[in-house]
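Inspection log for the structure reproduced underneath, given as structure tokens.
The values are calculated or read from the model by the stated rules, or taken from the named source; none is laboratory data. These figures come from a predicted structure and were not determined experimentally. No Cβ is skipped: glycine too gets one built from the backbone with ideal geometry, and neighbour counts run over all protein chains shown. When the accessible area is computed, the model is the full protein with side chains, heavy atoms only, and any ligands, DNA or RNA have been set aside. Shrake-Rupley method; radii C 1.70, N 1.55, O 1.52, S 1.80 Å.
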Amino acid sequence: MKLYKLNIFIVILSSQLIASQPIIYGDKGVVVAHSQAACDAGIEILKDGGNAVDAAVAVSYALAVTHPQAGNLGGGGFMLIQMADGRKAALDYREMAPGQAHRDMFLDDSGYVAEGKSIRGGLAVGVPGTVAGMQLALDKYGSMSRKKVLKPAIHLAQKGFEVPYDLAYSFGWLNQAAIDFDETRRIFCCNGELYMPGDLFKQKDLAKTLKLIQKKGNKGFYEGAVAEALLKSSTAHGGTISLEDMANYKALERVPVAGIYRGFDILSMPPPSSGGIALISMLNMMEAMSFDSLGWHSAQHIHRLTEVEKRAYADRSVWLGDPDFFEVPQNTLVSKAYAQLRMLDYDSLNATPSDSIYPLNDRDLQNIGVGGYESEETTHFSVVDQWGNAVSVTTTLNWSFGSYVTVEGYGFLLNNEMDDFSSKPGVPNSFGLIGNAANAIEPGKRMLSSMTPSIMSKDGKVVLVLGSPGGPTIITSVLQVIHNLVDYGMSLQEAVNAPRLHHQWQPDVIQYGPRSITEETAAELMQMGYQLQARSAFGEVNAISRDQIFGGWVGAPDYRIASHGSAY
Ligand code: DON
């Protein structure tokens, strides 16, 4: 038996016993993801000697089978990697606007945003990135063959799996919503017969596609029969993706964005995600504040969090976009000096109205003088292995079941990620997010994301892996879990389970999830000038932390939705 090594982080990361759910603990490896079958696929790979990246690729493909609302072949995502040997990488396999896309493609003749065009059907689809992303991950950081890592997903598609309750429910509403999408209803809704919880769901077409990818890699997806079928299905629903777009798609390796919060190193996703920059800039603003004497979710606590969130989201609206098309002032936005400047107008007693919080302007950026210019459904899963490698992945079709277009004969859905672009400056997208030139549509450009796969370390060792779905609420969900752990000493499961709040600058309201706020606190906040809006639970933070008592890993699935974990 190992000696217990007591240190300060025990309090922060190891008081797991308070959690009411069974504790997922593994000496060697843990996977936490939306679907149990996908977690098991990852553990199977780890047990077979694969590293966390091999397992992450297996989990990602398994989710494409068992969680078709968000797991995907026809979407994209981000993979953040921290290897035990010190290598760090941010893999960008975000979808890309097709060659024929243009700035005003979603405007009608009068210049208004045409309702629904960026959401359903072929025009909503960006060139998918997941298959290329998995190949890049495996080539550069994995250790296993495609044959091995795709095996569990192929098995799940071919032999089928028992439909969990939440999936049966989703298929039910898809059957009504996707009325004009015959192939989608054929594959996922038995042409209206509908799967019941516990029914076996087999996907022969999808198994065929997975086998082609297994055999040929990128060529099995971006060229040949699959690419041609994708083009045909997208075109039939009004899309413009071409074979050239497919052949041109590339997954990219980027440098992760890094920050420090109260002595912990934070690693997260750089642009084209806004997540990492916004997360680190919010943490920087919070570092100057003390939470010691503040009751959790007291009016003063919520006030501080909200003011920080408003400022970061105001900057997101102007300064964030695909860095290959727009110069994102990354160094400035993640600097401590910027955080100080940003909070100068913070009023400790009253809400600052969002209309008087402006995105940082060019002059402010120059005055700070640091760095200057530099060049509802998603899913998150976390993986760690016996060597201390950690992988944090968020992947998506954007909305649940994406554009509703299923590639005929190949069994997979296409994303509706084009809605994450700004269709018109200042006009909110379907998540209420406002964008401008930085995130305008251009051919070959990647749309801005909020996905925030993140990893926290201490002295070079991973202590926390996390991320979430939830559109704009992704960033604030990740922020609140880190904050609950570091500033409120919660156990990991408590930090994940804790009710959440969200403010995204515009609209100027605090959105509050179930049980997140008392009536008295709400009254106090309204007196300070806040507007409040109740909403359903949001975020699904699937996290893992290092256990300081026994030395292994503890997994914390977000039980508010329906997540799972496996360990060994
Ligand atoms: O990339 C993004 O920020 C969005 N496409 C994510 C969408 C999302 O999280 C929806 N789900 N809950």
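Going through (1) within 16 Å of the ligand (Cβ to nearest atom); (2) within 29 Å of residue 265 (Cβ to Cβ); (3) among the aliphatic types (A, V, I, L, M) one by one, residue 464 falls short only on (1).
Of the residues making up the range 408-421, just one is open to solvent by 10 Å² or more (accessible area, probe 1.4 Å) and of a type in the set (Gly, Ala, Ser), namely 409. Of note, residue 192 satisfies the criterion of being open to solvent by less than 60 Å² (accessible area, probe 1.4 Å) and farther than 17 Å from residue 409 by Cβ. As a summary of the residue check, residue 387 satisfies the conditions (1) assigned to a strand (DSSP E or B); (2) more than 14 Å from the ligand (Cβ to nearest atom); (3) of a type outside the set (A, V, I, L, M) except for the one numbered (1). Looking across the range 441-450, just one residue is over 19 Å from residue 90 (Cβ atoms) and either within 16 Å of the ligand (Cβ to nearest atom) or surrounded by 23 or more Cβ atoms within 10 Å (Cβ to Cβ) (or both), and that is 441. Does the range 195-228 hold any residues that are of a type in the set (A, V, I, L, M) and either outside the structural domain of residue 162 (by TED's automatic domain parsing) or open to solvent by less than 60 Å² (accessible area, probe 1.4 Å) (or both), and which are they? 206, 207, 210, 212, 213, 225, 226, 227, listed by residue number.
When the residues of the range 451-464 are filtered to those that are open to solvent by less than 10 Å² (accessible area, probe 1.4 Å) and of a type in the set (Gly, Ala, Ser), which remaining residue is nearest to residue 90 (Cα to Cα)? Top of the filtered list is 454.
Based on this model, can you work out whether residue 86 counts as under 30 Å from residue 201 (Cβ atoms) and modelled with pLDDT of 95 or more? Taking the combined requirement at face value, the residue does not satisfy it. Taken as a whole, the structure places residue 265 among residues that are modelled with pLDDT of 95 or more and surrounded by fewer than 24 Cβ atoms within 10 Å (Cβ to Cβ). Scanning the range 151-182 for residues that are among the β-branched types (Val, Ile, Thr) and either surrounded by 21 or more Cβ atoms within 10 Å (Cβ to Cβ) or in contact with an Asp or Glu (Cβ under 6 Å, 6 or more places away or on another chain) (or both) yields 154, 163. Take the residues in the range 493-512 that are part of a loop (DSSP other than H, G, I, E, B) and out of contact with any strand residue (DSSP E or B) (no Cβ under 7 Å at 6 or more places or on another chain), then tell me which one is surrounded by the most Cβ atoms within 10 Å (Cβ to Cβ). Ranking the qualifying residues of the range 493-512, first place goes to 504. For the range 289-314, residues that are open to solvent by 30 Å² or more (accessible area, probe 1.4 Å), within 23 Å of residue 354 (Cα to Cα) and among the small types (Gly, Ala, Ser) total 1. Within 22 Å of the chain's Cα centre (by Cα) and among the small types (Gly, Ala, Ser): does that describe residue 110? Here the answer is no, as residue 110 does not meet what is asked. Could you tell me whether residue 281 is within 16 Å of the ligand (Cβ to nearest atom) and either on the phi > 0 side of the Ramachandran plot or within 25 Å of the chain's Cα centre (by Cα) (or both)? No, not satisfied.
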